[in-house]
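The next block holds one structure in the form of structure tokens; read it before the comments.
The values are calculated or read from the model by the stated rules, or taken from the named source; none is laboratory data. Quantities reported herein were computed from a predicted structural model and do not represent experimental measurements. When we count neighbours, we look across all protein chains shown, and the Cβ atoms used for this are built from the backbone with ideal geometry, even at glycine. All accessible areas refer to the heavy atoms of the entire protein, side chains included, with ligands and DNA or RNA removed. Shrake-Rupley method; radii C 1.70, N 1.55, O 1.52, S 1.80 Å.
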Amino acid sequence: MKRITDKTAFVALFLTFVLFVVALSLSFTALNSAVPVFALKNKLTVVLDAGHGGIDGGVVGKKTGIKESDLNLLIALDLKEILLDAGFKVVLTRKTQAGLYDTATKGFKRRDMQKRKEIIEEAKPNLVLSIHQNYYPSSSTRGAQVFYSHNHLQAKDFAKALQGNLNALYKSVGAKPRTEHTGEYYMLECTPYTSAIVECGFLSNPYDETLLNKEAFRRKLASALAAGVIEYVENQAPCA
């Protein structure tokens, strides 16, 4: 009789432990899904603008000659998947390596930028993130840099959230933190929507270039950008 009682007690204890683990797991799931649920409920839209494209390749890597336009698109596609999984609606201005101009004739750059503006205006997004790569005469300069317009009140908070998460990533690979800055760029001023430009790294720096050529690092970079988007949205969300 004693053995049966001990066995029953053990089973009850085991079931209690299992229920505790399940409850803990559900608790963490609820916490992690708080922002995605908010994003879905409020139909939050992010426009991802992969800079350059087509005959406009942007800057090129000093060692490998990789084009900025190609890196921009790869990062934008990675970021799109992460944000979709987090509950956001995502619109891309550029989905292929081609530019957004009709023909590569005089004035193609102006037409390209105008098309990006039209896509953003049609999407009516909550946020716009334009993705680029940097270049500097000194090859020692490295890290990610975020720009925002001083004419948009919430843009600084958006840029700050992005910069903080990018600094954390680059700190793990030995780069010093950078600070978000204002900038007078077309993509920041062409629409009234909260926008930021992120220069993901310096193709003039051999270490940054090597990292940006690695799929695993680009995925981490996209994750850092997504974390910045979510952090900003979470800070803007009304209290429950």
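The set of residues from the stretch 113-138 being outside any helix (DSSP H, G or I) and more than 18 Å from residue 58 (Cβ to Cβ) comprises 124, 125, 126, 127, 128, 138. The set of residues in the stretch 64-91 being touching a strand residue (DSSP E or B) at 6+ places or on another chain (Cβ under 6 Å), not in a helix (DSSP H, G or I) and not basic (Lys, Arg) consists of 88, 90, 91. Every residue in the stretch 47-80 that is closer than 26 Å to residue 192 by Cα, surrounded by 20 or more Cβ atoms within 10 Å (Cβ to Cβ) and in contact with a Gly (Cβ under 7 Å, 6 or more places away or on another chain), please. Across the stretch 47-80, the qualifying residues are 51, 52, 53, 69, 72.
If a residue has to be out of contact with any strand residue (DSSP E or B) (no Cβ under 7 Å at 6 or more places or on another chain) and either of a type in the set (Asp, Glu) or modelled with pLDDT under 95 (or both) to count, how many in the stretch 198-227 make the cut? So the answer is 2. Contact annotation: residue pairs with Cβ atoms under 8 Å, 6 or more positions apart or on different chains, pairing a residue in the stretch 208-227 that is on the phi < 0 side of the Ramachandran plot with a partner that is aromatic (Phe, Trp, Tyr) and surrounded by 16 or more Cβ atoms within 10 Å (Cβ to Cβ), are 208/202; 209/202; 211/217.
Number of residues in the stretch 139-159 that are under 16 Å from residue 226 (Cβ atoms) and either part of a helix (DSSP H, G or I) or open to solvent by 30 Å² or more (accessible area, probe 1.4 Å) (or both) equals 2.
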